[in-house]
Amino acid sequence: MNAVVLSLDAELAWGYHDLPTVPDHVESARTSWSRLLALFDEYNIPATWAVVGHLLLDSCDGEHAGHATPAEDWFSRDPGGVAERSPLWFSDGIVDAIADAKANHEIGCHTFSHVEFGDERTSREVAVDETRASLEIADDAGYSLESFVFPRNNVGHRDVLAAYGFTCYRGTRPELWYDGGRFESLAKVVDLTVSKTGPPLVEPEVDEYGLVNVPASMFLFGYEGRVRTITESVWDDPLIRAAKRGIDRAADADDGIFHLWMHPNNFTEERDFERLRAVLEHIAKRRDEARLQVRTMGSVAAEIKGTDPATKRTPIGPR
């Protein structure tokens, strides 16, 4: 298939709870979600929203006793209480807004509390607890989870995902020529502005656990801050140019997927929304030319495995 896939890591404060600080801009992230949904609806483009499971709770005690964690203080920042008083730690209706949107989005899983499954501290017991808790909470809310996105793209415990009925995950992007080099950051800018080598199309594959790996092609926010300001003063937004190049490659190829990903937390300035608008407009143009499909991760996996995601319910216990 030739298609574009968009996926979003929807996490609010959970994306930073184990880091030294939670950035101030997360306070406005809930508004960002609403604006993003309006943009996707405007162009009728669906995406896979991988949601941290804790956001689906209405309240909690802030301790989660009995839940296996990578560290004893894992929930030390969780304020507990109810959604109305701690809006950065609960969705308080915005996940329902994703499900109700015109664009027919998919709701996926981003673990229960943003645990990195590929971290050496994350035991299989932790992975099982995180997976099971996410599925149980989603099931209570009426959602069936098919797709999984690993926090910080740190892949691990895929056997657990398979045992709990997931069909696919977002894998890491193919290695690029500048990865690991001494001047990686500079080379990345050159690649997005001058070179014609990236971003790559990807080919989903079924792994040894029967899961479909839908690798990433490009992060929509590859560099920001001063570097972004400098490059935008010399060129048009290099990331828009790179994304359009990936979209065109997918539209013109016989086969291949351009998989673009982002966080709602990335949208902190007006120019961030304008970047996405430009990308969605280009996707819609190529789609309307009948040259390109827009797919969710789950629908890609369903086609590859020959299943109908509309009739499948995810079990909440191992097979």
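What follows is calculated from the coordinates using simple rules that are stated; it is not laboratory data. No experiment lies behind these values; they were computed from the predicted model shown. All Cβ positions, glycine included, derive from the backbone under ideal geometry; neighbour counts span all protein chains shown.
Overview of values
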quantity	calculated
Point-to-point label distance, Glu205-His67, nm (Cα→Cβ direction, 7 Å offset)	3.5
Within straight-line cross-link reach of Lys285, aspartates and glutamates at Cα separation under 12 Å, skipping those fewer than 8 residues along the same chain	Asp248
Label-to-label distance, nm, for residues given as Asp58 and Thr31 (7 Å Cα→Cβ offset)	2.8
Segments 62-72, 79-89 sorted - mean Cβ within 10 Å per residue, highest first	79-89, 62-72
For segment 246-253, 3J(HN,Hα) per residue [Karplus equation, 6.51 cos²θ - 1.76 cosθ + 1.60, θ = phi - 60°, Hz, x = Gly/Pro]	x, 4, 5, 4, 5, 5, 8, 7
Loop trypsin sites (Lys or Arg not before Pro), segment 95-137, which have at most 14 other Cβ atoms in a 10 Å radius of their Cβ (DSSP)	Lys102, Arg121
Amide H partners (placed H, <5 Å) of Gly256, local residues excluded	Asn2, Ala3
In nm, spacing of pseudo-spin labels at Glu125 and Asn154 (7 Å Cα→C-beta vector)	1.9
Theoretical gain in end-to-end length, Asp24 to Ala284 [0.36 nm per residue, Cα-Cα removed]	90.3 nm
